[in-house]
Amino acid sequence: MSRLVVVSNRVAKLDSTKSGSQGGLAVGVAAAMSKAGGLWFGWSGKIESAQRSEARVETAGNIDYATVSLNQVEYNQYYKGFANSVLWPLFHQRPDLMSYREVDFEGYLSVNEKMARLLLPLLRPDDTVWIHDYHLIPLGGLLRRAGITCPIGFFLHIPFPPLDLLRTVPRYRELITALMEYDLVGFQTDVDYRGFQFSVVYGLGGEALPDNCFRYRDYECKAGVYPISIETDTLREVGKTGEASEEFKRLEQSLTDRQLIVGVDRLDYSKGLPQRLRAYENLLRTQPEFIRKVVYLQVAPVSRGDVKAYADLAHQIDEQVGHIVGTYADFDWVPLRYLNRGFRRNTILAMYNLASVGYVTPLRDGMNLVAKEFVAAQDPDNPGVLVLSDMAGAADELDAALLVNPYDSEQVTQGLAEALSMPLAERKERWQSMMAVLRDNDIHHWQERFLEDLGQFR
Ligand code: ADQ
């Protein structure tokens, strides 16, 4: 059997007992790799001035972890610069937050070259290489041109933007061409796939061929839709182990009979936190019957804190939280608890189950695993309600959630009120319908489908 080689910007060692807030890619890829095993290659997360000429390899269980470090300039240009100040905002439809510098694009290319150089000696002819996400778009082509002939696939975890937005990156054609150097390119949703199709045809002047294939000059690739998912069948059990944690017990006791609304997100502008807080405040203002009856817990660990847009967001949210608490809190009740930290995975899952409402309203999101985890963690006999943004990729599959437009504050407020008051029969019906989808497409199914399609290129 072919060895699976996964490449992603960060490599996350599997350890469910540790506090985590690594984000969805790490959670999804780690779950997928735990079954197949193989080699996982990427950045260690360390910034070091002395650079090694080879990757550091460590083995744990059935996975070899190979990591490289970045120096400060590489970090600034590749990670903080082009990846997180151009591609991330743009692909989440925030060109206003984009800050393009040619030198960052060059740094992005040169870190991809370095990754290729350090990965090459580790590769074997019968490998299957699966590269993940926007940090590493050029890597597949670089490996190909260095003589690697095994199948190479790419999966984009974040949305793919419409061509009109993509064109705002001066060298956007190089990005589309780089994607075409893969055998298979996977997207989260049909809208993302269509964005790519449009970009190949109208951005490059390429052709859409039958069977989801594309051609431009000498490049030919296949593309498809592979919505990432979760470990559907085990999350509820994992959540039960979290009920023993000190943190969970304190949360449960502190609620008394109040209904819990829970949100869990990296502190990122794509997650729509200011809008979400505003809609919650509207609920307290316009429907005072909920005052003292609900508690909203927002967990939001700081992410990319050294990028200005993120620091600005953190500041804005601090002000909003202070305003809501100052306006509505009482001696013995606080309407909102805001925690900037990561928790163990089982504690997070136990919190989901304790909540009456999962409040997941990103402005734009590739998929959003929190939405799926919330559903899978519920008690089948008394499930909570998912209020979900229709701008999250997850809304395609979880159409039995209470879908809301995150830009329509009144609708979100109404969604919250409806979720808090929903009768048990309707909660069960919606939950069963969402669980059926998540059982059909769990994380293993996602991985198998992608790798099976990629295997056709051997
Ligand atoms: P993210 O933007 O990071 O992922 P998401 O899909 O919601 O978003 O995944 C976050 C993960 O981290 C979840 O598994 C969640 O439970 C966990 N997490 C978040 N905060 C935590 C905390 N404080 N403590 C512990 N765990 C925490 C990106 C894309 C998404 C896409 C995923 C996977 O932006 O759209 O769904 O990749 O493809």
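Per-structure values
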quantity	calculated
Failed criterion for Leu424 (all others in (1) aliphatic (A, V, I, L, M); (2) more than 20 Å from Val262 (Cβ to Cβ); (3) open to solvent by 60 Å² or more (accessible area, probe 1.4 Å) hold)	(2)
Residue within segment 319-328 that is open to solvent by less than 50 Å² (accessible area, probe 1.4 Å), free of Cβ contacts under 8 Å to residues at least 40 places away in the same chain and within 11 Å of the ligand (Cβ to nearest atom) present	no
Candidate set: segment 284-317, residues that are among the hydrophobic types (A, V, I, L, M, F, W, C) and in a helix (DSSP H, G or I); chosen: the one surrounded by the most Cβ atoms within 10 Å (Cβ to Cβ)	Leu313
Any pair with Cβ under 6 angstrom, 6 or more apart, that starts in segment 258-273 at a residue that is closer than 17 Å to Arg304 by Cβ and more than 7 Å from the ligand (Cβ to nearest atom) and ends at one that is open to solvent by 10 Å² or more (accessible area, probe 1.4 Å) and of a type in the set (Val, Ile, Thr)	Leu267/Val302
Filter pass, Arg215 being open to solvent by 70 Å² or more (accessible area, probe 1.4 Å) and in a helix (DSSP H, G or I)	no
Single residue of Tyr100, Tyr79, Tyr65 found to be at pLDDT 95 or above, crowded, with 16+ Cβ neighbours inside 10 Å and assigned to a loop (DSSP other than H, G, I, E, B)	Tyr100
Residues located in segment 123-149, provided they are open to solvent by 50 Å² or more (accessible area, probe 1.4 Å) and either among the acidic types (Asp, Glu) or touching a Leu at 6+ places or on another chain (Cβ under 8 Å) (or both)	Asp126, Ala146
In segment 330-346, the residues that are modelled with pLDDT of 95 or more and near the ligand (Cβ under 8 Å from one of its atoms)	Leu339
Ala371 being in a helix (DSSP H, G or I), open to solvent by less than 30 Å² (accessible area, probe 1.4 Å), near the ligand (Cβ under 8 Å from one of its atoms) and not aromatic (Phe, Trp, Tyr)	yes
Meets criteria (away from the ligand (no atom under 13 Å from the Cβ) and farther than 15 Å from Arg250 by Cα) for Thr361	no
So Phe187, is it of a type in the set (Phe, Trp, Tyr), open to solvent by 10 Å² or more (accessible area, probe 1.4 Å), in the same structural domain as Ala146 (by TED's automatic domain parsing) and within 26 Å of the chain's Cα centre (by Cα)	no
Failed item in (1) touching a residue at least 60 places away in the same chain (Cβ under 8 Å); (2) within 16 Å of the ligand (Cβ to nearest atom), with Pro170 passing the rest	(2)
Options Ser303, Ser229: the member that is of a type in the set (Ser, Thr, Tyr) and at pLDDT below 95	Ser303
Any hit, segment 33-49, residues being part of a strand (DSSP E or B), open to solvent by 60 Å² or more (accessible area, probe 1.4 Å) and either assigned by TED's automatic domain parsing to the domain that holds Pro138 or not β-branched (Val, Ile, Thr) (or both)	yes
Selected residue (criterion: farthest from Pro274 (Cα to Cα)) from residues of segment 381-394 that are crowded, with 21+ Cβ neighbours inside 10 Å and out of contact with any Ser or Thr (no Cβ under 6 Å at 6 or more places or on another chain)	Pro383
Positions within segment 224-255 being outside any helix (DSSP H, G or I) and among the polar types (S, T, N, Q), in sequence order	Ser229, Ser245
Residues that are more than 11 Å from the ligand (Cβ to nearest atom) and farther than 22 Å from Asp408 by Cβ, drawn from segment 377-395	Gln378, Asp379, Pro380, Asp381, Asn382, Pro383, Gly384
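The values are calculated or read from the model by the stated rules, or taken from the named source; none is laboratory data. On a predicted model such as this, the values are computed, not experimentally measured, just so you know. All Cβ positions, glycine included, derive from the backbone under ideal geometry; neighbour counts span all protein chains shown. The protein model used for the area step is the full one, side chains on, heavy atoms only, and it has no ligands, DNA or RNA in it. Shrake-Rupley method; radii C 1.70, N 1.55, O 1.52, S 1.80 Å.
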